[in-house]
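Q: This structure is in C-alpha cells; I'll ask about it shortly.
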Amino acid sequence: MTGGYITHDGGQSWRSFGLRTVIETFAYDPHDARVIYAGNAALWRSDDTGRSWRMVFPNPARKTVEHQNGDHADYSLTSEDPAYPRNMRISAIEVLPADSKSISVAFSTGEAGHPGCWSRATLVRASAANANFQPMRFCFSTTARRPVGNRRQGRVPPG
C-alpha cells in the first residue's frame, strides 16, 4: 500500500488516499487550514483538507507525462517544465509563514536503502498564485551540515 491517511475528527477515523506512489513529505499552509501539500515525484496540492488533489509541479500543461514501469508499476514523471529536476523526488516542502503563497520544494536523489539522503539536491521556489517554479542556487557548507536521522540538512542562503 502506498499512499497516505488523513483524519478530520482528531483520529477517531481515518481515510486513505493515493497520489500514485509513496508520499515522502507533507506541508500545511499556516494561514489556511484547508490547504495541504504532499510531495513524491510531484508536488500535489489539496484545497479541501485532502478530499481532492491536483498536481502543481511539474506544471501538467508542460507535457508532463506519468509513467508506471516494471512489475511493481514504479512511478516516474517526464516533463518539459524547465524547472523540474529529472530522476529526483521531493524530500521537503516549506510553506513560508510570512507569505503562505510562497513555497520552496527540495528534491533529492536519495541513495539505495536510504530514501531522502541527499547525494544530489535541487531547490525550487514559486508563488502559489502563479505556480511558476524557478530553480534556486544554493550550496552546502561542511560546517553548516548536521546529521538528521539518515538525512543531511544544510543551510540555504536567502532569496
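Q: Between Ser102 and His72, take the C-beta separation as r, use R0 = 41 Å, and let me know the FRET efficiency to the nearest 0.05. Please list the in-between numbers first.
A: Values: r = 36 Å, r/R0 = 0.88.
Calculated value: 0.70.
Q: Would you mind ranking Tyr5, Tyr84, Tyr28, Tyr75 by Cβ crowding within 10 Å, fewest neighbours first?
A: Numbers: Tyr5 12, Tyr84 23, Tyr28 15, Tyr75 18.
So the residues, fewest neighbours to most, are Tyr5, Tyr28, Tyr75, Tyr84.
Each reported figure results from applying straightforward, stated rules to the coordinates on display, with no laboratory input. This structure is a prediction, so every number in the text was calculated from the model and none was measured. We place every Cβ from the backbone using ideal geometry, glycine too, and count neighbours over all the protein chains shown.
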